[in-house]
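Mind having a look at this structure? Questions to follow.
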Amino acid sequence: MSRNIWVTSDTHYNHAGILGFTDYQGQRVREFDTVEDMNDCLLTCWNSVVKPGDLVYHLGDVFFGDKEVFERDWPKFNGSKRLLLGNHDDGKYLAKGAFFQKVGLWRMFPELGILMSHVPLHEMSLYRGKDLTRPMINVHGHIHRLDAAPGPYRNVSVEKTDYTPIHIEELRRPD
């Protein structure tokens, strides 16, 4: 691949409510004191790896809350961005605002053995054609701090990636 491609999910930028969410064990999903601290961390971690000419696939649940804050801050995030819609995204708003080069529901990289989506897909969806011996890897978000299911799944929710996008080469199927 000629340019760097990064993948992330579930930034929930500017979502103050997520700071009060807890998991099934009662632990906070995000350990930030303020939404500003979370937003600063997301931007710093993103720009620590993503350079202006890079491509970023955001696998959904981009932001919540004040659209003016999002519109002001989103251009500060490096890279050309593409969105795979999450269950909390306003697709019409995000598609018409030129925040993303492309907006879709899934993206396949057959040469890497990767199928990206917001939610984990059923394993039978990960097989291509008649080859039922090697499923593609489902790179997804949505489940936040939970581990991905055993098998061909990789959770790239920011809570699992130290709030930093992951290079696509780290996610590919081993050949």
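Determine whether Asp61 is over 15 Å from the mean Cα position of the chain (by Cα) and closer than 27 Å to Asn138 by Cβ.
Judged against the criteria, Asp61 is not a match.
Between residues in the range 28-41 that are buried (at least 17 other Cβ atoms within 10 Å of the Cβ) and residues that are part of a helix (DSSP H, G or I) and among the small types (Gly, Ala, Ser), which pairs lie under 8 Å by C-beta distance while being six or more apart or on different chains?
Val35/Ala16
Something else about it: Give the range 9-27 a look and list any residue that's loosely packed, with under 11 Cβ neighbours inside 10 Å and either within 12 Å of Asp61 (Cβ to Cβ) or not hydroxyl-bearing (Ser, Thr, Tyr) (or both), or say none.
Within the range 9-27, Gly17, Gly20, Gln25, Gly26, Gln27 meet the criteria.
Could I ask something else about it? Name the single residue, out of those in the range 81-128 being at pLDDT 90 or above and of a type in the set (Ser, Thr, Tyr), that is nearest to Ser9 (Cα to Cα).
Selected residue: Ser117.
Now, a different point. If you go through the range 26-58, how many residues are among the β-branched types (Val, Ile, Thr) and either assigned to a strand (DSSP E or B) or under 23 Å from His140 (Cβ atoms) (or both)? Steps first, answer last, please.
As a first pass, look at the range 26-58 and keep what is among the β-branched types (Val, Ile, Thr): 29, 34-35, 44, 49-50, 56.
From what's left, either assigned to a strand (DSSP E or B) or under 23 Å from His140 (Cβ atoms) (or both): 29, 49-50, 56.
Result for the range 26-58: 4.
In the range 96-113, what residues are in contact (Cβ under 8 Å) with a residue 12 or more places away in the chain and over 14 Å from the mean Cα position of the chain (by Cα)? Can you show your working first?
The first filter runs over the range 96-113 and keeps only residues in contact (Cβ under 8 Å) with a residue 12 or more places away in the chain, leaving 97, 99-110, 112-113.
Answer for the range 96-113, where residues must be in contact (Cβ under 8 Å) with a residue 12 or more places away in the chain and over 14 Å from the mean Cα position of the chain (by Cα): Gly97, Phe99, Gln101, Lys102, Met108, Phe109, Pro110, Leu112, Gly113.
Within the range 85-113, track down each residue that is in a loop (DSSP other than H, G, I, E, B), out of contact with any Asp or Glu (no Cβ under 6 Å at 6 or more places or on another chain) and surrounded by fewer than 18 Cβ atoms within 10 Å (Cβ to Cβ). Spell out the reasoning first.
So in the range 85-113, the residues in a loop (DSSP other than H, G, I, E, B) come out as 85-90, 97-101, 105, 110-113.
From the residues that got through so far, the ones that are out of contact with any Asp or Glu (no Cβ under 6 Å at 6 or more places or on another chain) too are 85, 87, 89-90, 97-101, 105, 110-113.
Answer for the range 85-113, where residues must be in a loop (DSSP other than H, G, I, E, B), out of contact with any Asp or Glu (no Cβ under 6 Å at 6 or more places or on another chain) and surrounded by fewer than 18 Cβ atoms within 10 Å (Cβ to Cβ): Asn87, Asp90, Gly97, Ala98, Gln101, Leu105, Pro110, Glu111.
For residues that are surrounded by fewer than 19 Cβ atoms within 10 Å (Cβ to Cβ), in a loop (DSSP other than H, G, I, E, B) and not basic (Lys, Arg), scanning just the range 121-143, find the one that is nearest to the chain's Cα centre (by Cα).
Ile143
Do we have any residue at all in the range 51-59 that's over 19 Å from Lys76 (Cβ atoms) and out of contact with any helix residue (DSSP H, G or I) (no Cβ under 6 Å at 6 or more places or on another chain)? I'd like the intermediate steps shown before the answer.
Applying the first criterion (over 19 Å from Lys76 (Cβ atoms)) to the range 51-59 yields 59.
So of that shortlist, the ones also out of contact with any helix residue (DSSP H, G or I) (no Cβ under 6 Å at 6 or more places or on another chain) come out as 59.
Yes; the residues of the range 51-59 include at least one that is over 19 Å from Lys76 (Cβ atoms) and out of contact with any helix residue (DSSP H, G or I) (no Cβ under 6 Å at 6 or more places or on another chain).
The values are calculated or read from the model by the stated rules, or taken from the named source; none is laboratory data. The shown structure was predicted, so the numbers you read here are calculated from the model rather than taken from an experiment. Neighbour counts run over all protein chains shown; Cβ positions are idealised from the backbone, glycine included.
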